[in-house]
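Asker: Following this message is one structure expressed as structure tokens.
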Amino acid sequence: MVNSIFRGALIVLLAALLPSYQLFAVTTFVTIGTGGLTGVYYPTGGAIAKIVNKNRKQHGIRFTVESTDGSVFNVNAVMDGQFEFGIVQSDRQCQATRGTGEWKDAGPQKELRAVFSIYPELCTLLVAVDANINSLIDLKGKRVNLGNQGSGHLGNSMDVLNSIGLDPVTELTAFYINPVEAPKLLQDGKLDAFFYTVGHPSVALKEAISGGKRVKFIPLQNGAIDEMVGSRPYYSKMKIPIRYYPGIQNTRDVDTFGVCATLVTSAKVPDNVVYVVTRAIFENLEAFKELHPAYAMTTRESMLTCLSAPIHPGAMKYYRETGLK
Ligand code: GLU
């Protein structure tokens with residue numbers, strides 16, 4: 001008892017003696033879970049880290065970026081406390097919040113919190129021209145990468161196959177590999193097609209296009225898919241801009257559907273940490289947008305769309321202060 005009073009008094013005394021800037025010298029390290037190295041989540045984690053870390057001497061927060069399996073992994077890692085932040089598809093955010101899809105057994109992820117949306121992600125199907133796939137139904141009998149476990153895109157490719165009634169187990173040779181590896185397999189003739197839900201442009205798609213084998217995007221819109229997209233609150237119709245991919249066989253932007261890439265955290269992450277991150281990105285939005293072309297259409301308003309988990313109070317504080325909410 002006496003001992004702890006003595007220790008308390010010593011801390012008070014030390015704090016009084018320290019110059020005030022040294023009180024902030026303690027750095028809080030936070031980690032953001034992203035995706036594969038050739039996707040857009042990984043550079044986005046880097047872009048957030050760059051903006052936040054610039055003022056780390058003032059706020060004491062330092063971001064580090066981890067490459068991961070993707071959205072589903074990130075939600076679970078943020079819930080487990082492995083990471084403070086994660087980038088996740090808005091459809092996965094919605095399912096985790098409601099306890100559906102991947103979280104049907106685990107139930108609603110009650111501590112999942114939204115911070116903001118970042119950019120659109122498009123469900124993308126790329127095929128080798130010599131595989132003779134001209135529409136979705138031609139995937140029958142082909143070698144198709146649906147996506148790795150833990151990714152967000154695996155669920156999207158399954159939604160596509162289900163809506164057109166193609167069984168991934170009996171009607172095609174399904175691969176479940178990381179999109180980092182898919183482009184090379186496609187170019188090497190070991191894969192006919194791959195799905196990837198990703199922002200554009202992405203390095204993975206550029207890699208897949210830059211080999212000797214010609215490739216093209218297959219549109220993901222037709223009666224059955226449109227019906228499926230219309231019945232899900234988190235999907236909307238989008239177009240893949242082909243200007244980013246010189247050498248692609250398509251001659252027009254490609255109709256598909258997509259979601260938003262969003263930043264999430266946990267209710268357990270302190271308000272001041274989330275506040276600092278939110279404020280840093282919103283106050284430096286123009287500098288942030290220069291870091292990747294996928295953010296071209298991002299605005300302060302768009303950053304508050306696509307969110308289904310409750311907004312973290314630290315982010316909400318900033319939105320209220322600035323009249324955004
Ligand atoms: N949308 C993908 C996922 O959730 C990741 C895309 C990326 O890394 O840019 O797994």
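The values are calculated or read from the model by the stated rules, or taken from the named source; none is laboratory data. Computed from a prediction, not measured in an experiment: that's the story for all the values here. As a convention, Cβ positions derive from the backbone with ideal geometry for all residues, glycine included, and neighbour counts pool all protein chains shown.
Asker: Can you tell me which residue in the stretch 64-95 is surrounded by the most Cβ atoms within 10 Å (Cβ to Cβ), limited to those that are free of Cβ contacts under 8 Å to residues at least 60 places away in the same chain and more than 13 Å from the ligand (Cβ to nearest atom)?
Answerer: Among those that are free of Cβ contacts under 8 Å to residues at least 60 places away in the same chain and more than 13 Å from the ligand (Cβ to nearest atom), it is PHE83.
Asker: Scan the stretch 20-42 and report the pairs whose first residue is closer than 23 Å to VAL259 by Cβ and whose second residue is modelled with pLDDT of 90 or more and away from the ligand (no atom under 16 Å from the Cβ), with Cβ atoms within less than 8 Å and a gap of 6+ or a chain change.
Answerer: Once the first residue is closer than 23 Å to VAL259 by Cβ and sits in the stretch 20-42, its partners that are modelled with pLDDT of 90 or more and away from the ligand (no atom under 16 Å from the Cβ) give ILE32/PHE63; ILE32/THR64; ILE32/GLU84; GLY33/GLN82.
Asker: Check whether at least one residue in the stretch 96-112 is within 20 Å of the chain's Cα centre (by Cα), buried (at least 24 other Cβ atoms within 10 Å of the Cβ) and away from the ligand (no atom under 16 Å from the Cβ), and report yes or no.
Answerer: There is no residue in the stretch 96-112 that is within 20 Å of the chain's Cα centre (by Cα), buried (at least 24 other Cβ atoms within 10 Å of the Cβ) and away from the ligand (no atom under 16 Å from the Cβ).
Asker: Step by step: first the residues of the stretch 26-54, then only those that are in a loop (DSSP other than H, G, I, E, B) and modelled with pLDDT of 95 or more, then the one that is nearest to PHE288 (Cα to Cα). Which residue is that?
Answerer: So the residue we want is VAL40.
For (1) touching a residue at least 24 places away in the same chain (Cβ under 8 Å); (2) of a type in the set (Asp, Glu); (3) closer than 22 Å to GLN82 by Cβ, each residue gets a yes or a no:
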| residue | (1), (2), (3) |
| --- | --- |
| SER266 | yes, no, yes |
| PRO270 | yes, no, yes |
| THR278 | yes, no, yes |
| GLU290 | no, yes, no |
| THR299 | no, no, no |
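Asker: Just checking, which of PHE217, PHE175 is closer than 17 Å to ASP69 by Cβ, crowded, with 19+ Cβ neighbours inside 10 Å and more than 13 Å from the ligand (Cβ to nearest atom)?
Answerer: PHE175
Asker: Can you run down the residue pairs with Cβ atoms below 6 Å, 6 or more apart or on separate chains, where the first is in the stretch 303-325 and surrounded by fewer than 18 Cβ atoms within 10 Å (Cβ to Cβ) and the partner is in a loop (DSSP other than H, G, I, E, B)?
Answerer: Correct list of pairs: TYR319/LYS325.
Asker: I've got another one for you. Six or more apart or on different chains, Cβ atoms under 6 Å: show the pairs whose first residue is in the stretch 148-159 and surrounded by 23 or more Cβ atoms within 10 Å (Cβ to Cβ) and whose second is part of a helix (DSSP H, G or I) and basic (Lys, Arg).
Answerer: GLY152/ARG92
Asker: Right, something else. Tell me, which strands (runs of 3 or more DSSP E) wholly within the stretch 203-308 include 2 or more residues that are at pLDDT 95 or above and under 22 Å from TYR119 (Cα atoms)?
Answerer: In the stretch 203-308, the matching strands (runs of 3 or more DSSP E) lie at 236-240, 254-266.
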